Amino acid sequence: MAKKKDSIDIGIAEDQRARIADGLSRLLADSYSLYLMTHNFHWNVTGPMFNTLHLMFMQQYTEQWAALDLIAERIRSLGFHAPGTYKELSKLASIQEVEGTPKAMDMVRHLVSAQEATARTARGLFPLVEEASDEPTSDLLTQRLMVHEKTAWMLRSLLDE
Ligand SMILES: [Fe+2]
């Protein structure tokens, strides 16, 4: 049977690709929210911990920014469009925006929660991804979990008295 010119046949059924792409879109939205929160806090942090936090937040948002591209391009590889506007991303995100300018340690608390939320969203996709033998997505999710869980630990450690 002739294949449609634009059809995709990578060995994953279309409905599975669609569900994985939906999940990755939610991960992209949480990753973007976390990225923006971290960059915002890099700009606006104040207090005696300024230098440490300003630099730590920069390392974190730089890594996160690169990851956004990997997640979006995995969605494209599965045959779907990646959400790329604030409107779409804010509808898909599970992370609430922080209003105003929190104190430095409250920024850290917000970031721990957002890192954990992003990890939960990534972890929630595994059953679907494993069922479809979608190893590239599984690998990407594993890498993101490593980073979010490690970063959450580092941030949490700052809160220890
Ligand atoms: Fe900067």
In the stretch 124-143, anything buried (at least 21 other Cβ atoms within 10 Å of the Cβ) and part of a helix (DSSP H, G or I) is listed as 129, 137, 140, 141
All conditions in (1) crowded, with 20+ Cβ neighbours inside 10 Å; (2) closer than 18 Å to residue 138 by Cα are true of residue 19 except (1)
Scanning the stretch 37-52 for residues that are more than 14 Å from the ligand (Cβ to nearest atom) and either assigned to a loop (DSSP other than H, G, I, E, B) or not polar (S, T, N, Q) (or both) gives 37, 46, 47, 48, 49
Practice item. Would you confirm whether any residue within the stretch 103-123 is within 15 Å of residue 21 (Cβ to Cβ), buried (at least 21 other Cβ atoms within 10 Å of the Cβ) and more than 16 Å from the ligand (Cβ to nearest atom)? Key: yes
Given (1) at pLDDT 95 or above; (2) more than 16 Å from the ligand (Cβ to nearest atom), residue 8 misses just (1)
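The values are calculated or read from the model by the stated rules, or taken from the named source; none is laboratory data. Source: prediction; values computed, not measured. Glycine also receives a Cβ, built like all others from the backbone with ideal geometry; neighbour counts cover every protein chain displayed.
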